[in-house]
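Below is one structure, written out as structure tokens; the observations come after it.
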Amino acid sequence: MAMAMALSCCALSPVVMVASSHRLSFSLSLSRFKPSSSVSPSRHAHRSFTGIRASNSSSSSPPSSPEVYRGVYGPWSVDSADVREVVLYRAGLVTAATTFVAAASTALLPDDNAVKSLIQSLYDPLFVIGAGGLGASLFLIHIYVTPIKRTLQALWAVGVLGSLGIAVNFAAPVNQGLVEFVLNNPPAIWAVGPLFASLTGLVFKEGLCYGKLEAAALFFVIPSVLLGRLSGLMDDEVQLGLLAAWMALFAVFASRKFTQPIKDDIGDKSVFMFNALPEDAKQALLQQLQEQQAPQQEGRVD
């Protein structure tokens with residue numbers, strides 16, 4: 001899983017390695033390579049490399065003059081749809097982080113605290129909202145290797161279904177909420193755990209691609225807390241300390257997402273557009289790249 005994530009962030013598929021190794025310096029439009037009607041392309045497939053408006057790298061509003069970036073398969077720029085997707089992706093992370101920190105804060109509050117009682121009564125709504133925010137982010141996340149993205153989404157879905165099963169079949173019959181039941185019955189973590197596994201995969205991707213220390217730390221803290229609770233082998237004080245670290249790291253991670261340029265969360269859009277093409281169009285495009293590269297290679301030999 002870790003190796004696959006590394007490939008995803010660096011776009012090191014065989015085709016990409018071949019194309020990028022020749023230092024492509026050309027202007028290219030994929031608008032004439034239309035996906036066939038039998039293919040269900042991603043939302044990137046119908047965007048041309050030409051005439052796309054770019055967004056300011058530190059703002060969510062498209063500027064008056066577009067900024068063009070060089071991609072593996074040609075130049076690309078950011079349009080309003082890209083900005084909207086990135087903002088919603090980050091908003092989903094903020095939602096997940098906010099609800100988690102709010103719910104987990106009860107572990108740090110005294111038993112007779114009125115705020116703690118209020119939050120405990122809202123455990124399940126907070127869980128639903130947080131899971132929804134995470135699901136939205138996993139739907140919008142940009143990962144070059146599609147199977148990795150689908151795996152994270154599948155983990156999220158399994159976790160949601162497991163949570164629903166616990167709530168209906170186990171928590172409701174004993175008049176407990178889902179979160180309360182899981183806290184009192186650690187084996188139930190097996191059912192909701194895949195949802196947190198999807199979060200762990202997301203922060204791994206963020207830490208690997210952008211070098212975010214808080215994301216890298218979350219990659220170890222999240223499973224440590226869950227496995228410690230599940231096994232019962234971890235001291236309560238250690239669990240509480242790791243939980244506090246999870247809360248702080250998650251809050252920093254989500255808030256820092258809005259300090260990144262919009263284009264960072266998009267990646268190389270030319271790769272997504274290439275992947276969305278049917279095979280015949282991909283081959284035609286690769287042939288065109290080779291033909292354009294040939295004169296450059298001859299010039300270097302001379």
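The values are calculated or read from the model by the stated rules, or taken from the named source; none is laboratory data. All values derive from a computational prediction rather than experimental measurement. Cβ placement follows ideal geometry from the backbone for every residue including glycine, while neighbour counts extend to all protein chains displayed.
Of the residues making up the range 88-118, those that are assigned to a helix (DSSP H, G or I), without any contact (Cβ under 8 Å) to a residue 60 or more places away in the chain and either within 22 Å of Phe139 (Cβ to Cβ) or acidic (Asp, Glu) (or both) number 5. Within the range 218-271, the only residue that satisfies the criterion of being of a type in the set (S, T, N, Q) and in contact with a strand residue (DSSP E or B) (Cβ under 9 Å, 6 or more places away or on another chain) is Ser270. Restricted to the range 211-302, the set of helices (runs of 4 or more DSSP H) holding at least 2 residues that are surrounded by fewer than 20 Cβ atoms within 10 Å (Cβ to Cβ) and touching a residue at least 40 places away in the same chain (Cβ under 8 Å) comprises 213-231, 236-256, 279-301.
In the range 158-184, what residues are among the hydrophobic types (A, V, I, L, M, F, W, C) and either without any contact (Cβ under 8 Å) to a residue 24 or more places away in the chain or in contact with a strand residue (DSSP E or B) (Cβ under 9 Å, 6 or more places away or on another chain) (or both)? Working first, answer last.
We begin by selecting, within the range 158-184, every residue among the hydrophobic types (A, V, I, L, M, F, W, C); these are 158, 160-161, 164, 166-168, 170-172, 174, 178-179, 181-183.
Matches in the range 158-184: Leu161, Leu164, Val168, Phe170, Ala171, Ala172, Val174, Phe181, Val182, Leu183.
Per the listing Val83, Val78, the residue uniquely of a type outside the set (Ser, Thr, Tyr), at pLDDT below 95, in a loop (DSSP other than H, G, I, E, B) and crowded, with 17+ Cβ neighbours inside 10 Å is Val78.
In a residue-by-residue description of the range 108-121, the property of being surrounded by 14 or more Cβ atoms within 10 Å (Cβ to Cβ) and either in contact with a strand residue (DSSP E or B) (Cβ under 7 Å, 6 or more places away or on another chain) or within 19 Å of Leu218 (Cβ to Cβ) (or both) applies to no position.
Of all residues assigned to the range 196-204, at least one qualifies as being farther than 25 Å from Leu108 by Cα and touching a Gly at 6+ places or on another chain (Cβ under 7 Å). Only residues that are crowded, with 21+ Cβ neighbours inside 10 Å, of a type in the set (A, V, I, L, M) and in a helix (DSSP H, G or I) were counted across the range 132-154, and they come to 3.
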